[in-house]
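Single-structure report; data block below.
The values are calculated or read from the model by the stated rules, or taken from the named source; none is laboratory data. All values reported here derive from a predicted model rather than from experimental measurement. Neighbour counts are summed over all protein chains in view; Cβ atoms, including those assigned to glycine, are modelled from backbone coordinates with ideal geometry.
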Amino acid sequence: MNNFKLSSQKVLTDLPAEISRLYPDRISHKFRFNGSWVEKKYRDFYLDIQHLACGFFKEGIKENDHVAFFCNNRYEWIVTDFALMINKTVSVPRASDTPFIETLFILNHSDSSYLIIEDFKSLKGLIDYIEKVKDSADIDDELNIQLQTFSSLKKIFIIDPFSDNDISYFKSLYPDIPVVSYTELYIQGEEILKQEKNIIEKLSKDINPETLVSIIYTSGTTGNPKGVMLNHRNFMQNVRANTPRLKLNKEKGDKTVLILPSWHVFDRAFEYCGISSGMTFSYSDTKHFPDDIANEKPDILISVPRIWESIYQKLIKTIKTQKKLNQILFKFFVSIGRYYLFSHQYLTNSTIIFRRELFIEKVSKTIFHILRMLILSPLKFLSLLIFKPIKEKVGGKLRGAISGGGSLPAYLDVFFNSIGITLLNAYGMTECAPGILSRTYEKNTIGATGTPFDNTEILIVDEDGKQVTIGKKGVLFVKGPQVMSGYYKNPAATRAVLTSNGWLNTGDLAIESYNHDIVIVGRMKDTIVLSGGENVEPEKIEDKLKECSLIAHAVVLGQDKKNLAALLAIDEEELENLAHIYQIPISEILDEGVIKHPKILQVLKSEVNKLISKEAGFKPFEKIATIIPVKNTFEIGKELTQSLKIKRKYVEEKYQGLIHKVFHKEKGTEQ
C-alpha cells in the first residue's frame with residue numbers, strides 16, 4: 001500500500017507552496033541556457049512564480065481574464081502556469097509552432113484579452129501572416145473577426161529577451177498594444193512582493209476546486225479544435241490518483257527528463273504530480289534527449305509511443321551492425337525474456353483473458369508456466385547482464401516509463417518489458433485532465449491499457465446503450481472528478497459527449513477482460529466498415545506496419561470498399577539505404593513524392609504481407625490488398641497532431657487523388 005498523501009493540498013496552487021516549504025534546497029528544475037545547465041531550487045521556483053504573478057497583476061491581468069499562452073516545454077511554462085492560477089485567470093495554452101490560422105481561431109474563440117508568446121520570432125511570424133492575409137481578396141467574415149480580435153488585445157508578453165528595434169515594426173502596425181518583456185514582469189513583481197508581503201494570499205484568496213484553470217484546445221484529428229474547460233478539481237483528481245500509482249518518492253526526490261510539450265495535458269498533469277512530490281525536472285528536446293536520459297539518470301519517464309518507436313529503431317539499427325554471433329545472442333535473450341515475462345504474467349493474473357478458463361486448463365497452464373520460469377531462471381539472470389548496456393542508455397536507474405497520448409504498439413510493449421525496462425501503458429483524454437486508466441507496477445498486463453484510477457467509474461456499452469458483458473466490445477464511458485465541465489462556448493458538442501448525470505462518452509472502443517483489465521481497441525469513428533460488412537480497427541494494423549523500419553507512418557483506408565489499402569509514409573534515411581542496396585538512384589524511385597519503382601514496391605509489399613498475415617494474428621479481411629507508398633513529409637500541425645497522432649481526414653484529403661486511383665484501379669501505385 002502506498003502511503004502518499006497530499007496533506008492540506010486542495011487546489012493546484014497549494015502544490016508549489018507546500019513543496020517549497022518542505023524541500024526549499026532540493027533542485028526543482030534544470031534547463032539549458034547558452035549551452036550550459038541552469039539549476040533552480042524549489043525555493044527559487046516558488047519565488048519566481050510569486051514574482052511573475054505579481055508582475056501580471058501590476059500589468060492589469062485580473063480574475064477571470066483569459067490569457068492565450070503559446071509556448072513550448074521550458075521552465076518559464078510551468079512558472080507562468082502557476083502565476084496565472086494565483087491571479088485566478090484562465091490560461092489558454094498551445095504550442096509556439098501552432099499554425100497561424102489556428103492561433104487566430106483560438107485567440108478569438110477563447111475570448112483571450114492577453115497573449116503570452118515565446119519569443120519575438122514567433123510574434124513576427126504571426127504578424128507577417130496577418131499582414132499577408134489582410135492583403136488577400138478572399139477574407140471571410142470569420143477570419144475578419146479573428147483579425148479584429150488580435151487588434152483588440154490589451155497586451156502582449158514575450159518570454160525571451162527582445163530589443164526595441166525588434167518590435168519597432170510591430171509597434172508601427174499596432175501602436176495601441178503594449179509589448180512587455182518577462183524581464184520587466186519579474187522586476188515589477190519582485191518590487192511589489194517586497195512592498196506587500198501578503199499580496200499572494202490576497203490574489204489567490206477564494207480559489208476553490210471549481211475555479212476554472214484552463215481552456216485547452218484539443219489538437220483534434222478533424223475540424224476546428226474544441227476548448228476543454230478544466231478546473232482545479234479535474235487536475236487534482238489526477239494528482240491524488242496518479243501519484244501513488246507512479247510510486248513517486250517525496251522523501252528521496254525522483255528525477256525525470258521532460259520532452260513532451262508542457263501545454264499538452266499528459267505532460268502537464270505529470271508535472272503537477274511531480275511537483276507535489278518534490279521531483280527534479282530536466283527539460284530536454286529531440287536533439288539532446290538520448291544523451292540527457294543517459295546522463296541525468298531519471299527514475300521515471302513519460303512519453304508518447306513514437307518516442308519508444310524511435311528508441312527501438314535506433315537500437316535495432318545498432319544491433320544490425322554487430323557481429324552475426326552478437327545478433328543471434330541478442331535475439332535469443334530477447335526471446336528468453338519474452339517467454340519468462342509471459343509466464344510471470346500468467347502466474348500473477350496479469351494476462352488478458354476474454355473467456356473463463358476451465359479448472360483443468362487453469363491447473364495445467366499454471367504447472368507449465370511454473371516449470372518454464374524455473375527452467376529459464378538462470379538464462380533470465382544472465383540476460384540482465386546482456387541487456388545492462390541498453391538500460392544504461394536510459395540512465396540505468398529507470399524504475400518505470402509511462403507511455404500515453406496514443407496507442408502503444410504490442411511489439412514495443414513486449415520488447416521493452418522483456419529486456420527489463422518496465423514500460424507502463426496509460427490512457428486518458430484532454431476532457432479528463434487526462435487520466436482515466438493506467439497499468440501499475442503490480443498489474444502491468446502486457447497488451448492491456450490498464451485499470452481505472454481511484455474515484456473513477458467506467459461503463460462499456462453497446463450501440464443501444466446497454467452494458468456489455470466481459471469479453472465484448474463496446475464504447476467506453478467514464479465518470480469521476482476528472483471529467484470536464486464542458487467545451488467552451490460549444491454546448492452542442494458538450495451535449496454530444498456528456499450526459500446529464502455526468503457520464504463522458506470517450507468515443508473509444510474497449511473490452512474488459514476476466515482479470516478486469518481494460519483494453520482500448522480503437523476509435524469508434526475510426527472503425528472502417530468494408531463493403532462486405534466486416535468491421536476493421538485500423539490502429540492495430542497501423543501499429544503493426546510501423547514495426548518495419550521503412551515505415552514511419554501508416555494510414556489504413558477502405559471505408560465501403562471491398563479490400564483495405566494502406567498509405568505508407570516511408571522513412572527517407574531507410575529509403576536511401578534500400579536504394580543503395582539495390583543500386584537504384586533515388587531519382588528513379590520517387591515520382592513527385594510517390595514511390596513507383598517496381599523493385600522497391602516489391603520489397604515494401606513483401607514486408608506488409610509478412611506483418612499483416614494470418615500467422616501474425618490478423619483476419620483475412622484485414623489483409624492489405626494495396627499499398628500507396630510516399631516519401632515521409634508528415635508534419636505536426638498538418639498530418640500529425642501535437643501528440644503525433646494521425647489526422648486521418650487531413651491525410652485522406654491531401655492524398656485523395658492517389659487514393660481515388662487505387663480504389664478505382666486506375667494507373668497509380670497499386671500492387
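Results, tabulated for the structure shown:
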quantity	calculated
Criterion: of a type in the set (A, V, I, L, M) and under 30 Å from V38 (Cβ atoms) - qualifying residue of I328, I275, I336, I319	I275
Every residue from the range 120-160 that is in a loop (DSSP other than H, G, I, E, B) and modelled with pLDDT of 95 or more	L153, K154, I159, D160
Long-range neighbours under 7 Å by Cβ, at least six apart or interchain, first residue in contact (Cβ under 8 Å) with a residue 60 or more places away in the chain within the range 195-220, second exposed (fewer than 15 other Cβ atoms within 10 Å of the Cβ) and not in a helix (DSSP H, G or I)	P209/K10
Residue in the range 478-494 that is over 22 Å from V265 (Cα atoms), surrounded by 16 or more Cβ atoms within 10 Å (Cβ to Cβ) and among the basic types (K, R) present	no
Set G657, G617: member being surrounded by fewer than 16 Cβ atoms within 10 Å (Cβ to Cβ), in a loop (DSSP other than H, G, I, E, B) and in the same structural domain as G533 (by TED's automatic domain parsing)	G617
Considering residues of the range 568-600 that are assigned to a helix (DSSP H, G or I) and of a type in the set (G, A, S) only, the residue surrounded by the fewest Cβ atoms within 10 Å (Cβ to Cβ)	S587
Residues that are over 17 Å from the mean Cα position of the chain (by Cα) and modelled with pLDDT under 85, drawn from the range 620-662	K649
Residue match in the range 102-121 (condition: under 27 Å from the mean Cα position of the chain (by Cα), without any contact (Cβ under 8 Å) to a residue 40 or more places away in the chain and closer than 21 Å to L260 by Cα)	yes
Cβ pairs under 8 Å, 6+ apart, first in the range 261-273 and closer than 12 Å to V304 by Cβ, second part of a helix (DSSP H, G or I) and of a type outside the set (S, T, N, Q)	P261/D267
Residue satisfying all of: in the range 170-183; of a type outside the set (G, A, S) and surrounded by 15 or more Cβ atoms within 10 Å (Cβ to Cβ); farthest from W77 (Cα to Cα) among these	Y174
Answer residue from the range 11-32, given it is polar (S, T, N, Q) and within 14 Å of D44 (Cβ to Cβ) and is surrounded by the fewest Cβ atoms within 10 Å (Cβ to Cβ) among those	S20
Selected residue (criterion: surrounded by the fewest Cβ atoms within 10 Å (Cβ to Cβ)) from residues of the range 273-295 that are in contact with a Lys or Arg (Cβ under 6 Å, 6 or more places away or on another chain) and either part of a loop (DSSP other than H, G, I, E, B) or not hydroxyl-bearing (S, T, Y) (or both)	A294
Unique residue being part of a helix (DSSP H, G or I) and out of contact with any strand residue (DSSP E or B) (no Cβ under 6 Å at 6 or more places or on another chain) when the list is V608, V651, V603	V603
Hits in the range 398-428 - residues which are at pLDDT 95 or above, part of a loop (DSSP other than H, G, I, E, B) and of a type in the set (A, V, I, L, M)	L398, I419, I421
Residue in the range 478-499 that is closer than 30 Å to Y346 by Cα and small (G, A, S) present	no
Per-region count, the range 285-344, residues hydrophobic (A, V, I, L, M, F, W, C) and farther than 30 Å from L371 by Cβ	13
For F157: the one exception among (1) within 27 Å of E639 (Cβ to Cβ); (2) surrounded by 19 or more Cβ atoms within 10 Å (Cβ to Cβ)	(1)
Candidates K40, K58, K62, filtered to the one that is of a type in the set (K, R), at pLDDT 95 or above and touching a His at 6+ places or on another chain (Cβ under 8 Å)	K40
The range 335-383: number of residues that are in contact (Cβ under 8 Å) with a residue 60 or more places away in the chain, surrounded by fewer than 18 Cβ atoms within 10 Å (Cβ to Cβ) and in contact with a helix residue (DSSP H, G or I) (Cβ under 7 Å, 6 or more places away or on another chain)	1
